[in-house]
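Some notes on the structure that comes next.
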Amino acid sequence: MTISFVLTGVARGELNIMSHLRGHTNTIRLCDSMIREPFGLASVFTEYCHWGSCSDLIDRHSTQPGGALHIRESWLWQAFKQLAAAINYLHTGGGDSSWAPILHLDLKPSNVLLTPGFAGPNIKVADFGSASCIPRGIIGSQTFMGHYAPPERYFYSQGTFTDVWGVGAVMITLCQLKHRIPRAKSVGWKYSGALADAVKWCLYDHHAMRVDSRNLSRLLNGLCAHVNMNTTEGVPPIPPIC
């Protein structure tokens, strides 16, 4: 397990949301918690993610002795689809008509963790300290994504489209192996046009032009069906040193 110490007020909201998620496959699983009222702190125990975060993965690939080693595209599609599944569940509850959408509002490489998997590490969306559980039609008021934040942050307008931008931000940094969104928003020449298009549809400056989170998984499945997943270009995700 991993233990985090957070302020009691923040922890209550985060614990409520994590309990509400009921351990979706691609969200971090809550194991236990402890509220310490006199100290104003809470302990949050979550599953241990041995591979670290996507930010750690970027560091491992970008600091190799012989130069940066770009990540194989087949795994990037896997990560993309798992991120899409995670935010779709946050926003729709898997099709539950009574579900109040949960906005993560802080999707970035350091908040996307990795656990061992059969075809490479699996995605676990984590850190719900900035998340909002809101009635349908109501838009949140702030986000804490730092330099990964979308353009609409200047207008204090947030919604499900904010998390779509976050997915695009994570994916483009994994493609470029850099801790920032490049000005040109390009995945680079090493990757297919299909992957470039999918990332672009998440990162339009105007939020109304971005793909809807409810349709993102279907879009990705359609695009990757036309991509050669057997290419040996790039390397599989580099595991951490034990």
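The values are calculated or read from the model by the stated rules, or taken from the named source; none is laboratory data. Bear in mind that the values here come from a model prediction, so they are computed numbers and not experimental data. Neighbour counts are summed over all protein chains in view; Cβ atoms, including those assigned to glycine, are modelled from backbone coordinates with ideal geometry.
All of Gly168, Gly234, Gly188 fail the test of being among the small types (Gly, Ala, Ser), under 30 Å from Ala100 (Cβ atoms) and touching a helix residue (DSSP H, G or I) at 6+ places or on another chain (Cβ under 9 Å), apart from Gly168.
Per-residue answers, yes or no, for (1) surrounded by 12 or more Cβ atoms within 10 Å (Cβ to Cβ); (2) outside the structural domain of Gln64 (by TED's automatic domain parsing); (3) modelled with pLDDT of 95 or more; (4) not basic (Lys, Arg):
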position	(1), (2), (3), (4)
Thr162	yes, no, no, yes
Trp165	yes, no, yes, yes
Gly168	yes, no, yes, yes
Met171	yes, no, yes, yes
Ala184	no, no, no, yes
Lys190	yes, no, no, no
Met209	no, no, yes, yes
Asn230	no, yes, no, yes
Pro236	yes, yes, yes, yes
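Out of the residues in segment 45-82 that are of a type in the set (Ser, Thr, Tyr) and within 18 Å of the chain's Cα centre (by Cα), state the one that is nearest to Gly188 (Cα to Cα).
Residues of segment 45-82 that are of a type in the set (Ser, Thr, Tyr), as a first pass: 46, 48, 53, 55, 62-63, 74.
With within 18 Å of the chain's Cα centre (by Cα) added as a condition, the list becomes 46, 48, 53, 55, 74.
Numbers: Thr46: 35, Tyr48: 32, Ser53: 22, Ser55: 18, Ser74: 15 Å.
Here the answer is Ser74.
Any idea which of (1) surrounded by 14 or more Cβ atoms within 10 Å (Cβ to Cβ); (2) under 18 Å from Val112 (Cβ atoms) is the one Glu152 doesn't satisfy? Of the numbered conditions (1) surrounded by 14 or more Cβ atoms within 10 Å (Cβ to Cβ); (2) under 18 Å from Val112 (Cβ atoms), the odd one out for Glu152 is (2).
Identify all residues within segment 34-62 that are among the β-branched types (Val, Ile, Thr) and modelled with pLDDT of 95 or more; write none if there are none.
Kept after step one, since they are among the β-branched types (Val, Ile, Thr), are these residues of segment 34-62: 35, 44, 46, 58.
The one that is among the β-branched types (Val, Ile, Thr) and modelled with pLDDT of 95 or more: Ile58.
Screening Trp77 with (1) within 22 Å of Ser130 (Cβ to Cβ); (2) part of a helix (DSSP H, G or I); (3) in contact with a helix residue (DSSP H, G or I) (Cβ under 9 Å, 6 or more places away or on another chain) gives one miss only, at (1). Among the residues of segment 89-142, the ones that are modelled with pLDDT of 90 or more and more than 23 Å from Trp51 (Cβ to Cβ) come to 6 in all.
When segment 211-228 is filtered for residues that are surrounded by 15 or more Cβ atoms within 10 Å (Cβ to Cβ) and of a type in the set (Gly, Ala, Ser), the ones remaining, listed by number, are Ser213, Ser217. The residues of segment 145-204 that are over 19 Å from His104 (Cα atoms) and touching a Ser or Thr at 6+ places or on another chain (Cβ under 6 Å) amount to a single one, Leu177. Among the residues of segment 173-227, the ones that are under 16 Å from the mean Cα position of the chain (by Cα) and without any contact (Cβ under 8 Å) to a residue 12 or more places away in the chain come to 0 in all.
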